[in-house]
1. Please identify the pairs in which a residue from segment 179-195 that is in contact (Cβ under 8 Å) with a residue 60 or more places away in the chain and over 16 Å from residue 14 (Cβ atoms) has its Cβ atom under 6 Å from the Cβ atom of a residue that is within 11 Å of the ligand (Cβ to nearest atom) and aliphatic (A, V, I, L, M), counting only partners at least 6 apart or on another chain.
2. Just the residues that are within 17 Å of residue 195 (Cβ to Cβ), over 17 Å from the mean Cα position of the chain (by Cα) and in contact (Cβ under 8 Å) with a residue 12 or more places away in the chain, please, taken from segment 102-142.
3. Look at residue 181 and say whether it is modelled with pLDDT under 90 and either within 16 Å of the ligand (Cβ to nearest atom) or touching a strand residue (DSSP E or B) at 6+ places or on another chain (Cβ under 9 Å) (or both).
4. How many of the residues making up segment 33-47 are within 15 Å of residue 9 (Cβ to Cβ), within 11 Å of the ligand (Cβ to nearest atom) and not hydroxyl-bearing (Ser, Thr, Tyr)?
5. Hey, can you tell me all the residues within segment 1-30 that are part of a loop (DSSP other than H, G, I, E, B) and either within 11 Å of the ligand (Cβ to nearest atom) or within 15 Å of residue 220 (Cα to Cα) (or both)?
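The values are calculated or read from the model by the stated rules, or taken from the named source; none is laboratory data. What you see is a predicted model; the values in this text were computed from it and never measured. We place every Cβ from the backbone using ideal geometry, glycine too, and count neighbours over all the protein chains shown.
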Amino acid sequence: MTQPAPAVIILLGPPGAGKGTQARMLEEDFGLIQLSTGDLLRAAVARGTPAGLAAKAVMEAGALVSDDIVLAILKDRMAEPDVARGVTLDGFPRTRGQAEALDALLAASGQRVTAAVSLEVDDAAMVDRIAGRHTCATCGEGYHDSFKQPAVAGVCDKCGGTAFKRRADDKAETVAARLAAYHAETAPLIAYYAAKGVLDRVDAMGPIPDIRAALARIVGGVAA
Ligand code: AMP
């Protein structure tokens with residue numbers, strides 16, 4: 001019997017829409033590996049690799065890193081064995097060029113995008129959502145000053161860690177640039193995936209468990 005192709009789920013949406021949160025939940029619910037180009041780039045910056053050095057200033061300005069750099073990092077990660085379990089792409093693709101390169105990469109192994117889900121939010125609310133967010137420095141669990149605090153102040157619910165970190169590009173002025181980049185470069189991908197018949201839209205303004213349930217219905221219907 002032939003094995004079903006691993007699912008490739010894309011989460012589209014502006015910064016603050018909840019892509020990272022939901023990608024982690026899809027990992028828990030379906031075993032899909034969360035693959036965040038933002039995380040991969042931040043790791044490259046922290047390690048001081050040539051790609052990281054080239055990307056650092058661009059990321060701090062809230063602009064998009066070049067397709068060449070992002071695609072090189074993505075391809076390396078997609079070549080790792082755990083990806084065979086299926087992936088959720090969080091923050092990739094962000095340009096038409098990246099979307100076409102992803103199609104070509106998947107086609108080379110007889111795969112295609114399984115579903116692209118647009119997390120639909122009200123732009124005006126995004127700055128507040130982003131401004132208060134932070135993660136556990138140990139396990140990466142996400143929190144928010146107003147919307148999601150740990151049960152015990154200063155202690156991660158998941159791992160008990162007591163150190164938290166905030167992203168350098170979550171400042172209000174950088175967030176505006178990131179939203180502008182989303183509308184100019186990434187929002188057109190909604191039509192790109194609609195034309196391929198793989199687009200779903202989810203209202204992402206409501207409670208996190210509702211969004212998780214909506215995504216589970218979509219992914220449960222298409223993932224092997
Ligand atoms: P994120 O963690 O997805 O919000 O990404 C943080 C920053 O990394 C973005 O503002 C971009 O500068 C860069 N970045 C992440 N993913 C991509 C991508 N697919 N294409 C271009 N730049 C990216």
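1. Listed pairs, sorted by first residue: 192/99.
2. Hits for segment 102-142 are 106, 112.
3. Values: modelled with pLDDT under 90: no; either within 16 Å of the ligand (Cβ to nearest atom) or touching a strand residue (DSSP E or B) at 6+ places or on another chain (Cβ under 9 Å) (or both): yes.
Judged against the criteria, residue 181 is not a match.
4. Just the residues of segment 33-47 that are within 15 Å of residue 9 (Cβ to Cβ), to begin with: 33-37.
Pick out the ones that are also within 11 Å of the ligand (Cβ to nearest atom) and you get 35-37.
Retained after the next criterion (residues that are not hydroxyl-bearing (Ser, Thr, Tyr)): 35.
Total meeting the criteria: 1.
5. As a first pass, look at segment 1-30 and keep what is part of a loop (DSSP other than H, G, I, E, B): 1-7, 13-18.
Answer for segment 1-30, where residues must be part of a loop (DSSP other than H, G, I, E, B) and either within 11 Å of the ligand (Cβ to nearest atom) or within 15 Å of residue 220 (Cα to Cα) (or both): 4, 5, 6, 7, 13, 14, 15, 16, 17.
Rundown of residues vs (1) modelled with pLDDT of 95 or more; (2) touching an Asp or Glu at 6+ places or on another chain (Cβ under 6 Å); (3) away from the ligand (no atom under 12 Å from the Cβ), yes/no style:
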site	(1), (2), (3)
56	yes, no, no
81	no, no, yes
85	no, no, yes
88	yes, no, yes
92	yes, no, no
101	yes, no, no
123	no, no, yes
128	no, no, yes
141	no, no, yes
